[in-house]
Amino acid sequence: MAEAINEAIRHEMRRNKDIVLLGQDIGAYGGSFGVYKGLYDEFGPDRVRDGPLCEASTAGWGVGLAISGMPTIVEIEFLDFLTLASDAICNQAAKMRYFFGGQVSVPLILRAPIVNRLGLGAQHSQSLEAWMMHTPGLHVIVPSNAADAKGLLIAAIRDGNPTVFIEHVRLYAAKMPVEEEDHPIPLGKLRVAREGTDATIATYSGMVKPSLEAAAKLAAEGIECEVLDLRTLAPLDREGICASVRKTGRLIVAHEAVKTAGAGAEIAQSAMEGAFDYLQAPIQRVAARDLPIPTGKLQDSVFPGAADVEAAVRTAMA
Amino acid sequence: MTTEPELKTLLGWYGQMWTIRYFEDNAIASFRQGLFTGSTHPCIGQEAIAVGAAAALEPADQVLATYRGHGHAIAKGLEPRSLMAELLCKETGCCGGRGGSMHLCGVDKGFMGTNAIVAAHIPIAAGVALANQLKRNGRVVVVFFGDGATCEGAFFETLNMAVLWKIPLVLVCENNGFAISVPTRTAIPIENISQRADGFGLPGVTVDGNDPALVHGAVAEAVARARRGEGPTLIECKTVRWERHSAISAGKYANEEEAMKWKKADPIPRLEKVLLARGATEAQLQALREKAKAVNDEALAFAIASESPKPATVGDFVYA
């Protein structure tokens, strides 16, 4: 996935000479997770601006560049550090076009990875996507694989709106064939990762793979799950979720973020509003426990896995 | 490099300062009459800074300011009628009635907006300046902020990066003596905010912010420096805020007497004295005052007569 994101950025920077990258460690070093490899050499220090560590102002500078017609990609090294930049994102980027009556656009992408299950503890392991969903004016993108990451990032850059693009450290090394050519993926359209008739598993990012594993195991027993990879949380493909629930009659929502007020609650409510009459069982939520994330082995007691998804499907089927 | 401005120039500034003064008078009166809700943050007593600084800019140069930014918008060339209509949340307002008193913008005039989060616009202004540097378009950005903003992290972070990358940015601090209720001296342990510049490696100067010629001189020098590619300058303009922090702010100043004595420092009569000494006539000054009043009265009438935005348009302008 890291390579696919690199290709997407390179592709767009070649296509649009105004695009600028801002952040720390993005120069010759190539980014903390290697996403920026070679970009500094190709585009130089003007467009690949390796800067000091100051997320709040870096994001603010990004807003300034963006409203000046220079689409900007800001690197946030861990999703947890988005909190430092939250004013620039939530009070500035998300609202500026609105309160200035459409006089400016804010083509700003904040790229940030979820870095969980590595034992880095409470300040380096969070999934904060729901915080961002709660701010009108932002797009929130959560790819689960390399091909989607490339297509969604290209689409987000061209879309020209403030976007939080949430990657996943566990997926960076995952390999798969990726479109060479210009292949933007529309924002707000989920992908059916596996078709099924008995239950819908709506998920994204790092929980897509465990959900597919659970679905494969259940299929051996004749329980056919439909796995939805949501791809984007804002805009959220509510109709796509409801269409699947109307077909299967059951919904399981799975994410690595903590449960309370997580994206799963919004996804579940979408089904309640749009497909209530089709539901045959209460909606199940699979999520991290409502705790700060511990280090070491204890973290395994917090995060959900394929077995939790499987158990939730069985509960819904009972 | 400061040269005494020509009489004609000073007369223009005098007219502009009255335009801002009358605008703010109308803003406060309109708020008290219930013509708009929310609040408003007048810059009465601080007009010389906006006027003197804007006069040092080319039309294509850009300005960002704070919620106390009506004066900067006028000085940068926005029409009082579109601003007053915005305060009254009308569809003819500069932002279509979405922004109100604290969110004014006029991109076609280089006025890149006012901001309601203290210091948050300082990094944004720096980003606009960086865009100018990258586009090599020769434009300079002036960002106005108060003394309170210089205690925020965004200010310090941006100073560091702005000097590092030598961006064409002029930072103008309007030190009006108070952050809401807190006197500057109980929040900032140094005599002059411009001293902050020393640690970041940029020039820092303090000027009397109630003298538009002194403000103009300092800003002109900083703009020239920025245009030469030599980077940012921090200018502290000492001034005073007459009104409460905002029209809805409660309470009195800790030292009301101290706050009010500053009224004597009113920049308008000060400039008037200079003008009369330089040979302007009372009739000239009166004509400028009357024109400024007429423009603002017309602006207020226009704003009152304008329509509110249609409810069906409430969702417009969120996404590009």
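The values are calculated or read from the model by the stated rules, or taken from the named source; none is laboratory data. Small disclaimer: the values here were computed from a predicted structure and weren't measured. When we count neighbours, we look across all protein chains shown, and the Cβ atoms used for this are built from the backbone with ideal geometry, even at glycine.
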Considering only residues that are assigned to a helix (DSSP H, G or I) and hydroxyl-bearing (Ser, Thr, Tyr), look in the stretch A:57-78 and name the one that is nearest to the other protein chains (Cβ to nearest Cβ). A:57
Of the residues in the stretch A:18-44, those that are modelled with pLDDT of 95 or more, surrounded by fewer than 22 Cβ atoms within 10 Å (Cβ to Cβ) and within 13 Å of another protein chain (Cβ to nearest Cβ) number 4
Does residue A:90 meet the test of being modelled with pLDDT of 95 or more and out of contact with any Cys (no Cβ under 8 Å at 6 or more places or on another chain)? yes
Facing another protein chain (nearest Cβ under 8 Å), without any contact (Cβ under 8 Å) to a residue 60 or more places away in the chain and either more than 24 Å from residue B:234 (Cβ to Cβ) or of a type in the set (A, V, I, L, M, F, W, C) (or both) - does that describe any residue in the stretch B:69-76? no
Scan the stretch A:29-41 and report the pairs whose first residue is in the same structural domain as residue A:51 (by TED's automatic domain parsing) and whose second residue is among the aromatic types (Phe, Trp, Tyr) and assigned to a helix (DSSP H, G or I), with Cβ atoms within less than 6 Å and a gap of 6+ or a chain change. A:33/A:172
Kindly indicate whether residue B:69 is modelled with pLDDT of 95 or more and in contact with a Cys (Cβ under 7 Å, 6 or more places away or on another chain). no
Report whether or not residue B:149 is touching a residue at least 12 places away in the same chain (Cβ under 8 Å), at the interface with chain A (Cβ under 10 Å from one of its Cβ atoms) and farther than 15 Å from residue B:60 by Cβ. no
For the stretch B:62-91, how many residues are farther than 22 Å from residue A:102 by Cβ and surrounded by fewer than 22 Cβ atoms within 10 Å (Cβ to Cβ)? 0
Scan the stretch B:126-142 residue by residue and report those that are under 22 Å from the mean Cα position of the chain (by Cα) and more than 10 Å from chain A (Cβ to nearest Cβ). B:140, B:142
Is it true that some residue in the stretch B:161-171 is within 14 Å of chain A (Cβ to nearest Cβ), surrounded by fewer than 19 Cβ atoms within 10 Å (Cβ to Cβ), touching a Lys or Arg at 6+ places or on another chain (Cβ under 9 Å) and in a helix (DSSP H, G or I)? no
Would a scan of the stretch B:89-98 turn up a residue that is without any contact (Cβ under 8 Å) to a residue 12 or more places away in the chain and closer than 19 Å to residue A:104 by Cα? yes
Residues of the stretch B:213-239 being surrounded by fewer than 24 Cβ atoms within 10 Å (Cβ to Cβ) and outside any helix (DSSP H, G or I), in sequence order, are B:228, B:229, B:230, B:231, B:238
Residues to consider are A:161, A:116; find the one that is polar (S, T, N, Q) and within 19 Å of residue A:66 (Cα to Cα). A:161
Does residue A:238 meet the test of being surrounded by 16 or more Cβ atoms within 10 Å (Cβ to Cβ) and among the charged types (D, E, K, R)? yes
Just one listed residue, out of B:157, B:91, is more than 16 Å from the chain's Cα centre (by Cα), at the interface with chain A (Cβ under 8 Å from one of its Cβ atoms) and among the acidic types (Asp, Glu), and it is B:157
Taking only the stretch B:14-41 into account, find how many residues are among the polar types (S, T, N, Q) and assigned to a loop (DSSP other than H, G, I, E, B). 4
